[in-house]
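The values are calculated or read from the model by the stated rules, or taken from the named source; none is laboratory data. None of these values were measured; they are calculated from a predicted model. Every residue, glycine among them, receives a Cβ derived from its backbone with ideal geometry; neighbour counts consider all protein chains shown. In case anyone asks, the SASA skips ligands and DNA or RNA and just uses the protein heavy atoms, side chains included. Shrake-Rupley method; radii C 1.70, N 1.55, O 1.52, S 1.80 Å.
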Amino acid sequence: MLPSNLEKAMFGVIATPILHLADRHHVFSHLAAHGPGTAKDIATDLNVDEDTLDRMLLLLTAFDVIQRTPAGQYSLPGNMRPYVDPDDERYVGGFLTHLAQETASRMPLLDSYLRHGKRAVDGPNPQPFASLYRDDQATRTFLNAMWDLSFAPSKELAALAGLDDATHLVDVGGASGPFALAALHASPTLRATVFDLPLVQPYLEETRATHDLGDRLTFAPGDFFTDDFPEGDLIAFGYILSDWPDHICLHLLRKAHQACQDHGRVLVMDRLFDDSRQGPLATSAMNLTMQLETQGRHRTADEYTALLENAGFTSCETPPSHSDKHLIIGHKTTDRSLARPQTRPSARSSHPRPLASKGRLA
Ligand SMILES: C[S@@+](CC[C@H](N)C(=O)[O-])C[C@H]1O[C@@H](n2cnc3c(N)ncnc32)[C@H](O)[C@@H]1O
């Protein structure tokens, strides 16, 4: 008998595409909307093959993603529902699509990296986003994946950031605006600028229009390697620094320090490794996909703090948060008396909380 952890790891190659297929064929939304049903009921309603569907449902049952009664009725456990129900803001379908398509298609590269090293395979000047944004469909899929990863945790992160005294958020690489939207909801007097590559603009404009944000949310097109950042008293980096090696992070954080008004703050929002690097699992998994899709890696809170301090930020703190996306704050101030003690999160915790409105791209 295989140890169950080894068994689950071995069959992961089957689990991810089945989760994605079940999502794409509306199996989860059917269970969420109609409650328990047999494979025959569900297959009839969704117009799919009953035998194939039943095998998928049996697999998802074995993975404890859904439940099955002895009479053959399938249902969604309550703790699973928010993440697989497209009507919930914690829905991870867009991210599943990214994993099942983009990440899976790149997995064979690891063999080449092992043999020759990433640099030798990718060349001296890889452009990760040229590939992720190769056409409209790929761009939309990527931005939806980012929305799914970022929007739900952003309410807590915006609250932890303490936005009351802030006036202008500059979200560097802010994509279609998941954090900017949460921040604007949290602070009625704040305005936000998303600074991102020009081709992201239409997707940010969709968010602006959907949420009727008017001139509180603007887009500044630019390349964060070559263009100056807009000035603000809050400079945010959500899932940006994990895309890049330390020397590039330092370059970006120094530019942020320049763009940050005195007494302003930088907000780094990213996954964290435990100090021991034994987990969490999602950080370890995404650290490997960073190797496939970007030039970056995941870090501990201490590593981010060291980068922030090296770039000139002081009084760095990591207020405890509950989702996979954590917040590290650095202050721009010359006044040492404002220094606050550094706190550390438990990077293993994972209890995302809901937001009042949802805004994935269609
Ligand atoms: C991993 S996504 C993070 C999106 C968002 N901040 C979040 O937390 O979900 C990286 C973002 O960086 C942007 N980006 C990548 N290269 C860039 C560059 N050279 N200049 C400006 N933005 C860039 C991408 O367009 C994308 O929106």
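Taking R0 as 35 Å, what FRET efficiency do you get between residue 112 and residue 310 from their Cβ-Cβ distance, rounded to the nearest 0.05?
With R0 = 35 Å, the Cβ-Cβ based efficiency is 0.60.
Rounded, prolate or oblate: pick one for the range 126-216, where a ≥ b ≥ c are the square roots of the eigenvalues of its C-alpha gyration tensor, a/c under 1.5 means rounded, and failing that, prolate if a/b is larger than b/c, else oblate. Note, shape of the range 126-216 comes out prolate. Cross-link candidates for residue 255: which lysines have Cα within less than 17 Å, leaving aside residues fewer than 8 places away along the same chain? Filter leaves 332. Entry comment: accessible area of the range 250-328 is 34 Å² per residue, from protein heavy atoms only and a probe of 1.4 Å.
Just to confirm a number: summing +1 for Lys and Arg and -1 for Asp and Glu over residues other than residue 39 whose beta-carbon lies under 12 angstrom from that of residue 39, what do you get? Result for the neighbourhood of residue 39: -3. Structural size metrics of the range 4-88, computed from C-alpha coordinates, are Rg and Dmax of 12.3, 36 Å.
For the range 205-283, chymotrypsin sites (Phe, Trp or Tyr not before Pro) meeting the loop criterion (DSSP other than H, G, I, E, B) and having at most 11 other Cβ atoms within 10 Å: 225.
Protein heavy-atom accessible surface, 1.4 Å probe, per residue over the range 4-88: 57 Å². What is the distance in Å between the Cα centroid of the range 121-191 and that of the range 275-290? Using only Cα atoms to place each centre, the spacing works out to 21 Å. Per-residue SASA remark: residue 34, around 120 Å² accessible (1.4 Å probe; ligands, DNA and RNA not included).
Taking the DSSP bridge list for the range 217-345 and keeping only pairs wholly inside it, about 50 percent are antiparallel. In a fully extended conformation the segment linking residue 49 and residue 8 would gain 12.1 nm over its present Cα-Cα distance, using 0.36 nm per residue.
Couplings 3J(HN,Hα) for the range 150-165, derived from phi with the Karplus relation 6.51 cos²θ - 1.76 cosθ + 1.60 (θ = phi - 60°), are 10, 5, 4, x, 5, 5, 5, 5, 5, 5, 5, 6, x, 8, 3, 8 Hz, where x marks Gly and Pro. Relative to the 2.2 N^0.38 Å rule of thumb, the range 95-338 has a C-alpha radius of gyration ratio of 0.98.
The DSSP beta bridges internal to the range 95-338 are antiparallel in roughly 25% of cases. Structure remark: mean-square fluctuation, Gaussian network model of the chain, C-alpha springs under 10 Å; the largest value among 15, 161, 209 belongs to 209.
Counting only lysines at least 8 places from residue 325 when in the same chain, those with an alpha carbon closer than 16 Å to its own are 155.
Proximity of backbone amide H atoms, modeled 1.01 Å from N, is registered between residue 174 and 195 at under 5 Å, excluding neighbours fewer than 5 places apart on the same chain.
For the range 227-341, which whole-number percentage of the solvent-accessible area (1.4 Å probe, protein heavy atoms only) is attributable to carbon and sulfur atoms?
50 percent
Computed on the range 4-88, with alpha-carbon pairs under 8 angstrom and 6+ residues apart, the relative contact order is 31 percent.
Computed from backbone phi with θ = phi - 60° and the Karplus coefficients 6.51, -1.76 and 1.60, the 3J(HN,Hα) list for the range 82-88 is x, 7, 10, 8, x, 7, 9 Hz; x is used for glycine and proline. Under the convention that each Lys and Arg Cβ holds +1 and each Asp and Glu Cβ holds -1, the size of the dipole of the chain around its Cα centre is about 680 debye.
Gap in Å between the Cα centre of the range 66-93 and the Cα centre of the range 36-54? When both Cα centres are located, 15 Å separates them.
Roughly speaking, to the nearest percent, how much of the range 1-143's 1.4 Å accessible area is carbon and sulfur?
The value for the range 1-143 is 55 percent carbon and sulfur by accessible area.
Per-residue packing, averaged as other Cβ atoms within 10 Å, sorts the ranges 300-313, 64-77 into the order 300-313, 64-77, beginning with the highest.
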